[in-house]
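Take this structure, written in structure tokens, and hold onto it; I'll ask about it next.
The values are calculated or read from the model by the stated rules, or taken from the named source; none is laboratory data. Keep in mind it's a predicted model, so treat the numbers as computed, not measured. Here the Cβ is made from the backbone with ideal geometry for all residues, glycine too, and neighbour counts use every protein chain on show.
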Amino acid sequence: MEELAAYIASEMNTNIHHPSVLKMKELLSYDVAEETRKQMALPWYAQIGTTSPQAIAASNGTAAMALFTERVGQDRPWDHKPTLLKLFGGKPRHKQGAYDYFYDIWSNIHYGYVGRAGGLSESVLSDGAGAEQIVSDSERKLRELVGLNSGKKPLPGPHRSADVDGLRAWDDAPDRISISIGIKLYNQHPNGGITAKMVMDEVLAVSPEEWGDGASEHKCETN
């Protein structure tokens, strides 16, 4: 696990300086209250035809989300699963102690950390991941229904957690936990300096029971 944690820590430290993240931060730093004050101080005739600060802020938010989605969407540069498969033996689970941890954890930690660095709120990150989960679960279920998933375990399709509010309820518990780890690490270390140990400590502080499908008991391979 240490190699995995070191890889994702390096990605986190590097990508908070990526041009897309810096542009997101610029867009989301727009101060609606201050810009409204400036606009209201203008003579009435100077206000005619100007765009409201609220509309500018909404447009900035949409642009920032588009930048982030281009980076973190499925099979996009910051969806690390394909890279992790190539780097670490082609397996989606990796052993630590008595358990195997699912590789989705690492990219979700990165998602929470870098998203906060770009100025996205905790709620936007959590609900955004839930919305993406609805889309990806729907696509996978559709593929199953048209016969492209033959021979594999039936897929549940989009499903929500009854005890969670908002769009984040449609995300899996392991995803919510790993995103929250990334957010926590950003709150503690907003300027980088993330180490493999920091990441591992947070992952292992969560019990295997809490991880649910994100952690499974290791079974030795037999011939």
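For the range 3-19, how many residues are within 30 Å of R93 (Cα to Cα), in a helix (DSSP H, G or I) and either out of contact with any strand residue (DSSP E or B) (no Cβ under 9 Å at 6 or more places or on another chain) or at pLDDT below 90 (or both)?
Total satisfying the criteria: 11.
Something else about it: Tell me whether the range 30-44 contains one or more residues that are over 20 Å from the mean Cα position of the chain (by Cα), loosely packed, with under 13 Cβ neighbours inside 10 Å, aliphatic (A, V, I, L, M) and at pLDDT below 90.
There is no residue in the range 30-44 that is over 20 Å from the mean Cα position of the chain (by Cα), loosely packed, with under 13 Cβ neighbours inside 10 Å, aliphatic (A, V, I, L, M) and at pLDDT below 90.
List the pairs whose first member sits in the range 110-138 and is within 20 Å of H80 (Cα to Cα) and modelled with pLDDT of 95 or more, whose second member is in a helix (DSSP H, G or I) and of a type in the set (K, R), and whose Cβ atoms are under 7 Å apart, counting only residues at least 6 apart or on separate chains?
Here the result reads G118/K25, each pair linking the range 110-138 to a residue that is in a helix (DSSP H, G or I) and of a type in the set (K, R).
Based on this model, can you work out whether S107 counts as among the polar types (S, T, N, Q), assigned to a helix (DSSP H, G or I) and farther than 30 Å from H218 by Cβ?
no
Limited to the range 198-217, what total is found for residues that are over 16 Å from R176 (Cβ atoms), touching a residue at least 40 places away in the same chain (Cβ under 8 Å) and surrounded by fewer than 16 Cβ atoms within 10 Å (Cβ to Cβ)?
Adding up the residues that qualify gives 2.
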